[in-house]
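S.K.: First the structure, which I've put down as structure tokens, then a few questions once you've had a look.
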Amino acid sequence: MSLKAKYNFLHLFYWFTGCCINGFIAVFLQSKGLTNTEIGIVTGGSCIATIFLSPFMSSLISKIKGMTIKKLMTILMLTTVLLYIAMAFLPIPAFLVMVFYVVMYALNMSTVPMLTMIAMNYINEGTYVNFGLARGIGSASWATSALIFGQVVSFLGANVLSIAYCIFALVTLFILYHLPESKITETKEEVQEEGSVITVIKKYKIFFFLLLGFCFMFSGATAIGTYLINIVKNLGGNTSLYGVAMFAMAFSELPVMMTVPKLMKKFNSVTLILVASIFYLCRNYTIGLAPNLIVLIIGMMFQGLSYGLFTGVITYYVTYNLETQDQMSGQTMIGIMTSGIGSTLGNVLGGVLQDTIGLNALFVFVYLMTAIGAIIIFICKFMSMKVKK
């Protein structure tokens with residue numbers, strides 16, 4: 001099997017595991033008796049933990065002799081398996097469930113930039129890997145698993161998610177084991193310090209502000225995603241229809257992410273990101289204003305042209321615009337600003353607003369965050385044009 005095929009399969013099964021943890025987080029935690037506010041605390045706490053844990057985990061690759069991305073991912077995923085199984089089948093109190101999920105979610109999020117860097121290292125050494133295609137396949141696998149688990153959870157309960165995660169994680173690690181190590185030598189500790197997150201912010205201001213805009217828009221999208229089950233039920237749906245909505249959302253990413261490398265050859269990266277921000281407005285406002293499930297699903301299908309386009313372009317942006325020693329920190333920053341800060345805002349405020357005011361307050365928050373993010377991206381476009389002049 002070719003390297004490209006192995007990397008594609010890695011994404012296929014990795015994002016199966018991602019759906020088991022992230023896609024049904026509210027469903028699983030509600031089955032353990034947690035309220036919307038408590039779910040917001042868990043997901044928000046996980047995202048805050050990710051802000052600190054992700055760069056720390058990335059730094060271990062250079063600080064520990066013999067440590068590689070593959071080895072570290074293996075350790076993190078096996079730890080996550082144990083935590084998920086414990087939450088599902090051991091009689092532990094709700095507070096401990098909250099603590100375990102925070103740790104599990106944060107560890108899982110810390111592996112995302114590592115998965116990306118595997119491809120970017122291959123590209124930097126001259127071996128072509130289509131990250132957009134692989135990530136698109138991952139979105140399709142997320143979509144498929146969301147559709148299937150939406151039905152299965154309705155009959156077997158939320159604990160089945162932990163079993164599925166365990167199976168898919170082991171397959172992912174099997175594929176990871178058979179991927180060749182990158183020929184690029186591991187970054188030395190003193191160079192890693194030069195390429196820290198703080199250094200990246202100072203050196204690449206346009207990159208930082210692009211991520212800041214993404215952060216705000218992502219917070220709105222996260223609030224919708226985490227509490228989507230409540231939105232679906234409010235429109236008369238159930239867990240099965242929740243799975244259909246998730247399928248429509250994730251599957252829309254595949255065609256867009258597949259074409260990102262070609263799009264970047266024809267259009268400027270910042271221009272593509274600006275287009276993605278416009279579709280973020282379409283996505284989040286359509287979902288918030290949806291009068292029925294059909295319109296909701298149409299809104300979810302803007303996911304590809306918003307999140308899918310933005311994620312694909314910003315990932316390649318790091319590889320082509322940041323110096324080699326800064327790229328791991330650059331990929332980590334994407335996770336910090338989105339899964340870290342953006343998700344924290346969306347999860348915590350989204351849960352509190354629902355429990356204290358109602359679902360409409362959640363939508364007002366989504367509209368505001370999305371608009372702020374889009375404005376920042378528009379400003380970035382003008383900044384980039386001035387730099388070129």
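The values are calculated or read from the model by the stated rules, or taken from the named source; none is laboratory data. In this text, all values refer to a predicted model and were calculated from it rather than measured experimentally. All Cβ positions, even for glycine, are placed from backbone atoms using ideal geometry, and neighbour counts span all protein chains on display. Ligands, DNA and RNA are stripped out before the accessible areas are found, and what is left, the full protein with its side chains, is counted by its heavy atoms. Shrake-Rupley method; radii C 1.70, N 1.55, O 1.52, S 1.80 Å.
S.K.: Return the residues of the range 35-77 that are in contact with a Gly (Cβ under 6 Å, 6 or more places away or on another chain) and open to solvent by 20 Å² or more (accessible area, probe 1.4 Å); say none if nothing qualifies. Walk me through it before giving the result.
M.R.: So the first thing to find is which residues in the range 35-77 are in contact with a Gly (Cβ under 6 Å, 6 or more places away or on another chain), and the list is 36-37, 39-40, 47, 50-51, 54.
Asn36, Thr37, Ile51, listed by residue number.
S.K.: Another question, if that's okay. Would you check which residues across the range 350-375 are surrounded by fewer than 19 Cβ atoms within 10 Å (Cβ to Cβ) and hydrophobic (A, V, I, L, M, F, W, C) and list them?
M.R.: If we filter the range 350-375 for residues that are surrounded by fewer than 19 Cβ atoms within 10 Å (Cβ to Cβ), which is where we start, we get 352, 355-361, 364, 367-368, 371-372, 375.
Within the range 350-375, Val352, Ile357, Leu359, Ala361, Val364, Leu368, Ala371, Ile372, Ile375 meet the criteria.
S.K.: Out of the residues in the range 1-54 meeting the condition of being in a helix (DSSP H, G or I) and of a type in the set (D, E, K, R), tell me which one is nearest to Ile148 (Cα to Cα).
M.R.: Our first condition is that a residue be in a helix (DSSP H, G or I); within the range 1-54, this holds for 3-23, 25-31, 36-54.
When the remaining residues are screened for being of a type in the set (D, E, K, R), the result is 4, 6, 38.
On the way: Lys4: 27, Lys6: 24, Glu38: 27 Å.
Of everything passing the filter in the range 1-54, Lys6 is nearest to Ile148 (Cα to Cα).
S.K.: Also, quick follow-up: Farther than 15 Å from Ala158 by Cα, open to solvent by 10 Å² or more (accessible area, probe 1.4 Å), in the same structural domain as Phe168 (by the TED database) and in contact (Cβ under 8 Å) with a residue 24 or more places away in the chain - does that describe any residue in the range 19-33? Break it down stepwise before answering.
M.R.: First pass over the range 19-33, keeping only residues farther than 15 Å from Ala158 by Cα: none.
Scanning the range 19-33 turns up no residue that is farther than 15 Å from Ala158 by Cα, open to solvent by 10 Å² or more (accessible area, probe 1.4 Å), in the same structural domain as Phe168 (by the TED database) and in contact (Cβ under 8 Å) with a residue 24 or more places away in the chain.
S.K.: Starting from the range 61-77, take each residue that is over 14 Å from Phe174 (Cα atoms) and in the same structural domain as Met114 (by the TED database) and list its partners that are open to solvent by 30 Å² or more (accessible area, probe 1.4 Å) and assigned to a loop (DSSP other than H, G, I, E, B), counting only C-beta distances under 7 angstrom and pairs at least six apart or across chains.
M.R.: Ile61/Glu186; Ser62/Glu186; Ser62/Thr187; Ser62/Lys188; Thr68/Glu181
S.K.: Hey, can you tell me all the residues within the range 315-333 that are crowded, with 24+ Cβ neighbours inside 10 Å and closer than 15 Å to Phe218 by Cβ?
M.R.: Answer for the range 315-333, where residues must be crowded, with 24+ Cβ neighbours inside 10 Å and closer than 15 Å to Phe218 by Cβ: just Met333.
S.K.: For residues that are crowded, with 20+ Cβ neighbours inside 10 Å and within 19 Å of Pro55 (Cα to Cα), tally how many sit in the range 198-211. Spell out the reasoning first.
M.R.: We begin by selecting, within the range 198-211, every residue crowded, with 20+ Cβ neighbours inside 10 Å; these are 200, 204, 207, 210-211.
If we keep only those that are within 19 Å of Pro55 (Cα to Cα) too, we end up with 200, 204, 207, 211.
Summing the residues that are crowded, with 20+ Cβ neighbours inside 10 Å and within 19 Å of Pro55 (Cα to Cα) in the range 198-211 gives 4.
S.K.: Here's a follow-up. Do we find that Phe214 is open to solvent by less than 30 Å² (accessible area, probe 1.4 Å), at pLDDT 90 or above and outside any loop (DSSP other than H, G, I, E, B) in this structure?
M.R.: Values: open to solvent by less than 30 Å² (accessible area, probe 1.4 Å): yes; at pLDDT 90 or above: yes; outside any loop (DSSP other than H, G, I, E, B): yes.
Yes, satisfied.
S.K.: If I ask for residues that are free of Cβ contacts under 8 Å to residues at least 60 places away in the same chain, part of a helix (DSSP H, G or I) and surrounded by fewer than 23 Cβ atoms within 10 Å (Cβ to Cβ), which ones from the range 223-245 would you list?
M.R.: Within the range 223-245, just Lys233 meets the criteria.
S.K.: Take the residues of the range 280-307 that are open to solvent by 60 Å² or more (accessible area, probe 1.4 Å) and within 17 Å of Gly373 (Cβ to Cβ): which is modelled with the lowest pLDDT?
M.R.: The initial filter retains those residues of the range 280-307 that are open to solvent by 60 Å² or more (accessible area, probe 1.4 Å), namely 285, 289, 291-292, 294, 298, 301, 305.
Filter once more, so that each one left must be within 17 Å of Gly373 (Cβ to Cβ): 285, 305.
Details: Tyr285: 95, Leu305: 92.
Ranking the qualifying residues of the range 280-307, first place goes to Leu305.
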